Every structure is written in C-alpha cells, then in structure tokens.
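Inspection log for the structure reproduced underneath, given as structure tokens.
The values are calculated or read from the model by the stated rules, or taken from the named source; none is laboratory data. Not measured: the values here are computed from a predicted model. For neighbour counting, all protein chains shown are included, and Cβ atoms are generated from backbone atoms with ideal geometry for every residue, glycine included. These area figures cover heavy atoms from the full protein model, side chains too; ligands, DNA and RNA do not enter into them. Shrake-Rupley method; radii C 1.70, N 1.55, O 1.52, S 1.80 Å.
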Amino acid sequence: MDSDDHATARASEFETALRRAGIRITKQRAAILRALASADDHPDAPALLERAREGAPGLSLATVYRTLSELQAQGVVLKLAFEGEPARFEPADQSHHDHMIDVDTGEVIEFTDERIERLQAEIAAAHGYDIVRHRLDLYVKKRD
C-alpha cells in the first residue's frame, strides 16, 4: 500500500472512531483527519490547524483540540507529552518505536533498537515482572 492509500485508510479509521463516539464528521473535522492521517511527523495542534486550514478555511484551534481529544479517547491517536514541548500526536496503529527529541530544534526522531528492547525485558524479568507497555524518550543534542 502506498503512502496516499495508507493515509486514506487511516483517515477512514479516524472517521469511524468519531462516528462511533456519536460525533458528526463536518468539513472541518474531515480536514483535520486528513492532515493527521497524512502526517509523517508528530504534529502539535497548531501545526494540524495550519495543515487542515487549506481544506477548511474557517477551522478553529478549539475544533482541532476537541477532535484530537476524542480521537485519543477512542484509542486511535496517541498524545505525546515531551518535556518543554507542546503535546504532539501520532496515530496509535504504528508499530512500537521509541523517540529521540532534539532539544535544540524540537525535532522528534522515531527509532527502534532490539538491544534496548531486550535489555528492558531483562531488567523487568530480574525484578519479577513482564513489560506490558513502555515508552522511551531520549532528549538529545547534535554533536558539533
């Protein structure tokens, strides 16, 4: 599936989640869903507002926040709270990954590393636990 098809399918999933919650899909909400579904980064609400305004000029930030809140409540969007940064959002259907946050630029870089995953499982097991879920955020600075 190419990225356009994937974004369309994801937007449809978001729409279904909102309808399930009894929320009407307006032109403004549809624009938000498309913008979020096609994002290849971790946008905050103001960034989504700017992206979605192309398809819905009268869109308000309050509508973006309400829509994101409901998508999060429905479990299809994750809210990411990084230190010193506004909340960012990403679709919940992605495979597990961790994040590096560039403290100078705010850029969020996704990564996976089996060594880290293995070590975390070993640490949990040493304490008599199994990992149910986890999140790892590394705050980084580019080397000079």
- prompt: Between residue 102 and residue 41, how many nm apart are label points set 7 Å from Cα along the C-beta direction?
  reply: 1.0
task: At a 1.4 Å probe radius, which order do 105, 67, 16 fall into by accessible area, largest first?
output: 105, 16, 67
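Report the rotationally averaged projected area of the range 49-121 based on its alpha-carbon convex hull, in square nanometres. Could the numbers behind the result be given before it?
On the way: hull surface 26.8 nm².
With every direction weighted equally, the projected area is 6.7 nm².
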Longest DSSP-loop-exposure-free segment, trypsin sites (Lys or Arg not before Pro), the chain, at most 12 other Cβ within 10 Å: 25-132
field: Debye intensity ratio in log₁₀ form over the Cα atoms of the range 1-72, taken at each q of 0.20, 0.25 Å⁻¹
entry: -0.77, -1.19
task: Give the Rg (one decimal place) followed by the Dmax (whole number) of the chain, computed from C-alpha coordinates and expressed in Å.
output: 17.2, 55
message: For the chain, what does the helix formula give at 222 nm: sum of -39500 (n - 2.57) over DSSP H segments with n ≥ 4, over the residue count, nearest 500 deg cm²/dmol?
response: -14000 deg cm²/dmol
